[in-house]
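Okay, structure first, notes after.
Each value in this text was obtained by applying a stated rule to the coordinates, not by laboratory testing. Predicted model, so just to flag it, every value in this text is computed and none were measured. Ideal geometry is used to build each Cβ from the backbone, glycine not excepted, and the neighbour counts take in all protein chains shown.
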Amino acid sequence: MTTIQKRTFLLFAIFVLAFLFRVVVLFHNEYPPSTDLGLNSNILNLILEERELPSWNPYHMGGEPLTNPPGYPLFASFIVLFTGMPILTAQVLIAAFFGSFAVFPAYLFSKKMWRSSSVGFLAAFFVAVSSFSLEMLGWGGYSNVISLLLIAMVFYLFLKNKEKPNRFNLFVAALLFGSLILTHLLSFFVFFSVLILYIVLLLIGKAWRHTGTKSLNIIGFFLISIALGLLFASPWLLSVSSFYLEMASKGVFLGGIAENRSLILANRYVDINILILSGVVFLLFLMFKASRGRYVDSESLLLITWYLAPLVLTQSYMVGIVTDYTRFIYFAEFPSLIILSACVLYLFHYVSVAIKKYAVGKWNRYGKIASKAAFPAILLVVYLTIPLLITPMQALFKLDFYTTIKKPEADAMEWIQQRTLNSAILASDHLYGWWLSGVAQRSTLSAVSPEFLLYPNEIEVAKAALILLDTDYYINNGVIEVREDGGYFARRNPVFGIETKKGYPRHLFYFKESETTIFFQEKHNRGTVDLSELNMTEARWISRDENLAVLVITRENNLLKVEKTLEVDRGVRCAELSYEINARDNETSIDWMRFTLHTMEGTVVFNQSMLGFYDPFEKVCGQVIFKEQSPEVKLYTVGWMNNAEFLYTNENDSFFKITFLFGAFDAEKLRYHEVLEAYNEFLRNPQQVVTDLPIITYDYLEIIKNYNVSFIICREPDKYPKFSNDPNFQVTYNSGSVAIFKVKELT
């Protein structure tokens, strides 16, 4: 067997290893991992049903224009048609194949860059056990995996064409460019950013006479191939251009939109790891000098740019481009592995030289053994310690984390397919919802957090689904947020919170109606009753516009009638919560009323007029102001929660009214004594207007009507009573892990 045959066999063996590795970990559970797999499936189903690329997706987020790049679903649909494989199996095998195929450009690029087959094989092995590659397969980033492969192939073609210009290479590069556009637009824009930076650095190097190359030939190769690639993808680009232009005008692709910008930016900062990784470039210069005879040339500059540009893009939010920075890290992974392979080989070289130099005399024999064992030892240490690489056990653990569907969820999907109409509209949590839309093929409102979405319509639908699954009534005036679980679920009645600087709500105070107790006397008999034991007879909005929201919930039995009123005014920090308790006859009197207020861990201060709460973790404050009458207050702690018991004594036997004001404010820049001053200021003027934002309200029954929801799918057993106790829903399926509630006809 010749040397070339041996190398080919070894490279093919690495490819087979990579493919089997991915297949085993992806199929080690009964159902493959990821949520995006469901989104991919509903597009594939549409293509297979209509035998063409549709323009509308009726399943995803209740229905939306289908503007996703069609490359991957079209290719997968052809595979399904020709092989007859199940859609899920075909998708996983395709993704595993392309993720494994990356070992070939890794070998070829590294061999060309470092002029060593050994480095090429190391790079191929590292790609085979890449942590990021397995992670992308875990969450369903199949298009991402393919696009990263296409980028690597284009760059290798460039290196090959640079030495021996060939029109065929130019044509193949154009096809790859077009495929990249049709596979993943973000990848194309990242690639384009790398290319722009490369050309700029190339021209600077040319001006300083550091690169010594024909820069016009290089620029021409990329520009011509990109132009041909755009021409190849132009039919699809023209068909979706109006949609993307509209989204761009709304700031979707650059600045983000208000609903998700703050959440995306929640943890954005100049990560010290990014700075450390950027410093690797200085090590690169030394390795280039050793292998290529120059610190940098046009070829090595390409690797530097390919590595640095994605790292720089992670900080793009600083210039107004808002997106999830981890998406850019994936693009730096391939060049990182190429650099790592060279580092390992050079480390082995210098260790071997050191061993030979210092192993003299009687240690010479041990030195030879150590020299032979050095490379596998270094490789093993690198494999087990470098986060870029992943072991089989780590891969299984990581993919278990991304596994969404197990036997209970699959059985529920089968029930939905068999027992519900094709036109049924479902509402479900994010992880399960995309599977329902793609596999059960039902239009689904998925409760997705806004930072995982891009378009305004998706975010609007997702917010409605989040509220529908979480609570019954929602009020937000831009300062304070109120959620009320209604009259059938004694969990948060209500909860008051504030939207933090990071964009998500922080719940500060809440009552439970199962812990709100009325002490009464009927004739000569004393008794107690919790609010949750009274029948809910009415829930109505007295006022509901952008300036004022007033919600009244009435509970009663044969002795008592209780009206709870929530009132939120536009732009104020405080929401008003009041209770009016009426005895239904002259023989019943109301003696006391007891409330249990739950708060999070933090510092609590109180006096006769108010109770203040400071959250040191989120740097926000809440305040309860006792209006008209002050209760007896008892503070106690259970676990990590602070609780306060309020006991009110009644002076009017047959009627009792209690009113609270709940306020919230940001304390990020306040010292503790300033927080205390703020409490006193709000106590003096609790209804001070601090913003002009309109009030936003949601009603769970209106959400159901507006989106024509047929079924609620719930996977949280502690939330089942929210629907099972509500007469507007009927339990149609309950396996313990998944419950399906049918929406009754609403009047």
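Results, tabulated for the structure shown:
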{"read-out": "The range 31-128, relative contact order in percent, only Cα pairs under 8 angstrom and at least six apart counted", "value": "19 percent"}
{"read-out": "Structure-based [θ]222 nm, the chain - -39500 (n - 2.57) summed over DSSP H runs of at least 4, per residue, nearest 500", "value": "-16500 deg cm²/dmol"}
{"read-out": "Ranked Tyr455, Tyr307, criterion: other C-beta atoms within 10 Å, fewest first", "value": "Tyr455, Tyr307"}
{"read-out": "Trypsin sites (Lys or Arg not before Pro) restricted to the range 84-132 and DSSP loop, no more than 13 other C-beta within 10 Å", "value": "Arg115"}
{"read-out": "Unit Cα scatterers, Debye sum, the chain: log10 I(q)/I(0) for q = 0.05, 0.06 Å⁻¹", "value": "-0.35, -0.49"}
{"read-out": "Cα-derived Rg to Rh of the range 29-103, Kirkwood definition", "value": "0.97"}
{"read-out": "Span from the the range 395-449 Cα centroid across to the the range 215-245 one, whole angstrom", "value": "37 Å"}
{"read-out": "Farthest positive-ward along the range 478-694 dipole, Cα basis, beta-carbon charges - from Ala583, Phe662, Thr603", "value": "Thr603"}
{"read-out": "Shape parameters for the range 478-694, alpha-carbon atoms, Rg then Dmax in Å", "value": "17.5, 57"}
{"read-out": "Protection proxy ranking, peptides 229-235, 141-147, 63-69, 457-463, average beta carbon neighbours within 10 Å, highest first", "value": "141-147, 457-463, 63-69, 229-235"}
{"read-out": "Computed Kirkwood radius, in angstrom, where 1/r is averaged over Cα pairs of the range 36-165", "value": "16.3 Å"}
{"read-out": "Among 561-572, 6-17, 711-722, the order from most to least packed when residues are scored by Cβ within 10 Å on average", "value": "561-572, 711-722, 6-17"}
{"read-out": "Diffusion constant of the range 366-514 at 25 °C, which comes from Stokes-Einstein with the Kirkwood Cα-pair radius and 0.890 mPa s, µm²/s", "value": "124 µm²/s"}
{"read-out": "Percent RCO, i.e. relative contact order, over the chain, from Cα pairs under 8 Å lying at least 6 residues apart", "value": "11 percent"}
{"read-out": "Ranked packing of 548-559, 691-702, most packed first, by mean Cβ within 10 Å", "value": "548-559, 691-702"}
{"read-out": "More than 17 angstrom apart: percent of Cα pairs within the range 658-740", "value": "68 percent"}
{"read-out": "With Cα atoms, 0 to 90° folded angle of helix 298-313 axis to the chain main axis", "value": "0 degrees"}
{"read-out": "Exceeding the 26 Å Cα-Cα cut-off - candidates Lys561/Lys627; Lys657/Lys719; Lys406/Lys742; Lys523/Lys561; Lys463/Lys627; Lys634/Lys719", "value": "Lys657/Lys719; Lys463/Lys627; Lys634/Lys719"}
{"read-out": "Relative contact order of the range 478-694, pairs being alpha-carbon contacts under 8 Å that are 6 or more residues apart, as %", "value": "20 percent"}
{"read-out": "Kirkwood hydrodynamic radius of the range 1-70, from inverse mean 1/r over distinct Cα pairs, in Å", "value": "15.5 Å"}
